[in-house]
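Report on the structure given below.
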Amino acid sequence: MKKCMTHVMVVLFGAIAVSSAATPDKAAMEGKEKAAWQAFKDKNEAEFKKVVDKDIRCVYDTGASNMAKELDAMKKWDMKSFAISDYDIFSDEKDVIVSTYTVKLEGTFDGKDMSGTYNAGSVWKKEGNNWLAIFHTNIKQGAGQ
């Protein structure tokens, strides 16, 4: 009986280890988030498309967006800097991760100053061996935050 229980425990812990290995840790996902922001800042469409799904959907205070609109907006941004903080992730699925964070950025959009601190979130989906952003939103923090 003791040997049988040992085997059950080994299988259980092995399953947990495999399950954990399938979902990247918080630092790895934050790295992907930063890569998307950096590619956008650098106006590097090819790098952006490596971490953002072709069917991305976004929601901003100005309305909904998709990949074509994101790439168009990329050309109008002059982002000087961005800094992500308070990064957190949640998942109860092996192939979906929800992230929330704060991003402080300096820059302009179509000549208008957009600098400030934004509340942001993304949904990531595992496609094959890659994690791709399938949803993103951010909105500038109000005066009370």
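The values are calculated or read from the model by the stated rules, or taken from the named source; none is laboratory data. As the structure is a prediction and not an experimental result, all values here were calculated from the model. We place every Cβ from the backbone using ideal geometry, glycine too, and count neighbours over all the protein chains shown. Please note that ligands, DNA and RNA were not included when accessible areas were found on the heavy atoms of the full protein model with its side chains. Shrake-Rupley method; radii C 1.70, N 1.55, O 1.52, S 1.80 Å.
Data table
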| read-out | value |
| --- | --- |
| All positions within segment 29-82 that are open to solvent by less than 60 Å² (accessible area, probe 1.4 Å), part of a strand (DSSP E or B), over 18 Å from Lys104 (Cα atoms) and without any contact (Cβ under 8 Å) to a residue 60 or more places away in the chain | Gly63, Ser65, Asn66 |
| Qualifying residue in segment 74-88 (condition: touching a Ser or Thr at 6+ places or on another chain (Cβ under 6 Å), among the aliphatic types (A, V, I, L, M) and either at pLDDT 95 or above or over 20 Å from Glu30 (Cα atoms) (or both)) | no |
| Residue count for segment 118-131, restricted to those that are more than 17 Å from Val59 (Cα to Cα) and either within 13 Å of the chain's Cα centre (by Cα) or surrounded by 14 or more Cβ atoms within 10 Å (Cβ to Cβ) (or both) | 4 |
| Hey, Asp86 open to solvent by 60 Å² or more (accessible area, probe 1.4 Å) and over 16 Å from the mean Cα position of the chain (by Cα) or not | no |
| Residues that are surrounded by 15 or more Cβ atoms within 10 Å (Cβ to Cβ) and out of contact with any helix residue (DSSP H, G or I) (no Cβ under 8 Å at 6 or more places or on another chain), drawn from segment 92-106 | Val96, Val98, Thr102, Leu105 |
